[in-house]
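The values are calculated or read from the model by the stated rules, or taken from the named source; none is laboratory data. What you are looking at is a predicted structure, and each value in this text was computed from that prediction instead of being measured. Here the Cβ positions follow ideal geometry from the backbone for every residue, glycine too, while neighbour counts run over all protein chains shown.
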Amino acid sequence: MGFGRWLLLSGVCLVLATEKSTHSVQWRGSLTKMDETGRTAYNGLVTRAQFYKDFVYLCIPRLKPNCKATLVRMRFSDAPMNDVTTENPNIELFPSWTPQTEGDCSCLQSAVDLYLDEMKILWVLDVGSIKFVQSNPTDRCYPKVLGINVETGKTEHVISLQSLIEPISRVQFIVADYDKDGKCYLYISDAATMSIIVWDVTNKVGHRVMLPDDVISENAPKDVLYLALVRKATSTLLYFTYRSGEKMFFIDTKCLRKEASTAKSSEVGLKPARLIILGTDGLDCVYFRYEIYPDIYKWNTNTPFSQDNFQLVHTGGQLTPTQVMPYYSWNVMMLCESNLSEYLNPNSKPSDAINSLTVMQVA
């Protein structure tokens, strides 16, 4: 079965299976196994996650001192069912036993986003700098992208973004796309420069694409530039918007690859309020929440971008949602949450982080 057909069938099953599954796990501080001696360390707050087979791969930006790891994995199938008190789930470095030393530019410095593609490559966006809460970033290394095979644990791609960034750059999100010939392309948001970085993995070359002038108003902060990759029957569309932007846009990824231009981008519509894009189902639907509320909504991109078509799919609690992603092995949509607001307090420690992975109430 081809990937496209498998993905379509999986997407159909997501809605049917969600109500039957209530698996969730919550733990404190990401106590991670650091080496073969069994040494452990607290590694803070999980912001992004990707699932493959029995494992979940977790992104832990270095927001606090003494976070020893920034990319880890956990055997999710072994996690306690509906356990909200787990202190030490089976978390380990990924790749196993590969150092993640601060200041060593050959190592991961601070992973901020993950994307698992159809060829089982986990793309990891490393900003290269360490930014502790209430302090200026320490720029130790240039941003880079790692492509890690989740079947073998081997790092197959190391991509430096040095030639594609500016001194003010802030890379934030990454997605991966394949064209009809099977060539892989990466799209990376750079909020500060109002651009999307495009990387041709096959030919090992990249370029920057500037966004339309009206993507954000002149006086609004260039804060967070969200990306959402949506697959249609005959094309792949990249949706993009700033948190402080008033509008949502999309563009066919072919224009980014071949024309290196957003001139053919289209305005989707005005946002009713500030939105935080949380992810997609791998097909047509985008998940988001409003900036100050934890409830999660789904928008099917085949319908007009309006509140009438925003479906409430998850009622939030005390934790802050940071990502929604599919778990194809279980045919469900998963939610990554944490005590983000409390963790950003200057007095909090890595061990104070509360992390949660939960099956969505409705897909």
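Quick check: is even one residue across the stretch 34-53 modelled with pLDDT under 75, buried (at least 21 other Cβ atoms within 10 Å of the Cβ), small (Gly, Ala, Ser) and under 30 Å from residue 362 (Cα atoms)? Checked the stretch 34-53: no residue is modelled with pLDDT under 75, buried (at least 21 other Cβ atoms within 10 Å of the Cβ), small (Gly, Ala, Ser) and under 30 Å from residue 362 (Cα atoms).
The set of residues in the stretch 90-111 that are surrounded by fewer than 24 Cβ atoms within 10 Å (Cβ to Cβ), more than 24 Å from residue 53 (Cβ to Cβ) and either among the charged types (D, E, K, R) or under 19 Å from the mean Cα position of the chain (by Cα) (or both) comprises 102, 104. Taking the residues in the stretch 140-151 that are farther than 16 Å from residue 172 by Cβ and either hydroxyl-bearing (Ser, Thr, Tyr) or modelled with pLDDT under 95 (or both) as candidates, determine which candidate is surrounded by the most Cβ atoms within 10 Å (Cβ to Cβ). Here the residue is 141.
Listed conditions (1) buried (at least 21 other Cβ atoms within 10 Å of the Cβ); (2) at pLDDT below 95; (3) over 27 Å from residue 27 (Cβ atoms) are all met by residue 171, apart from (2). For the stretch 294-315, does any single residue satisfy the condition of being buried (at least 20 other Cβ atoms within 10 Å of the Cβ), part of a strand (DSSP E or B) and among the aromatic types (Phe, Trp, Tyr)? Scanning the stretch 294-315, I find at least one residue that is buried (at least 20 other Cβ atoms within 10 Å of the Cβ), part of a strand (DSSP E or B) and among the aromatic types (Phe, Trp, Tyr), so the answer is yes.
What is the residue count in the stretch 37-60 for residues that are touching a residue at least 60 places away in the same chain (Cβ under 8 Å) and part of a loop (DSSP other than H, G, I, E, B)? Count: 7. Might you check whether a residue that is aromatic (Phe, Trp, Tyr) and in contact with a Phe, Trp or Tyr (Cβ under 7 Å, 6 or more places away or on another chain) occurs anywhere in the stretch 330-351? No, there is no match, as no residue in the stretch 330-351 is aromatic (Phe, Trp, Tyr) and in contact with a Phe, Trp or Tyr (Cβ under 7 Å, 6 or more places away or on another chain). Scanning the stretch 276-293 for residues that are in a loop (DSSP other than H, G, I, E, B) and hydrophobic (A, V, I, L, M, F, W, C) gives 283, 292. Counting only strands (runs of 3 or more DSSP E) that sit wholly inside the stretch 145-249, those with at least 3 residues that are within 22 Å of residue 326 (Cβ to Cβ) are 171-178, 184-190, 225-231, 236-242. One residue alone among 222, 183, 247, 232 is without any contact (Cβ under 8 Å) to a residue 24 or more places away in the chain and either surrounded by fewer than 21 Cβ atoms within 10 Å (Cβ to Cβ) or in contact with a strand residue (DSSP E or B) (Cβ under 8 Å, 6 or more places away or on another chain) (or both), and that residue is 183.
Residues in the stretch 258-293 that are among the aromatic types (Phe, Trp, Tyr) and closer than 30 Å to residue 329 by Cβ were compared, and the one that is surrounded by the most Cβ atoms within 10 Å (Cβ to Cβ) is 287. Taken over the stretch 153-173, the criterion of being of a type in the set (Gly, Ala, Ser) and within 20 Å of the chain's Cα centre (by Cα) is satisfied by 153, 160, 169.
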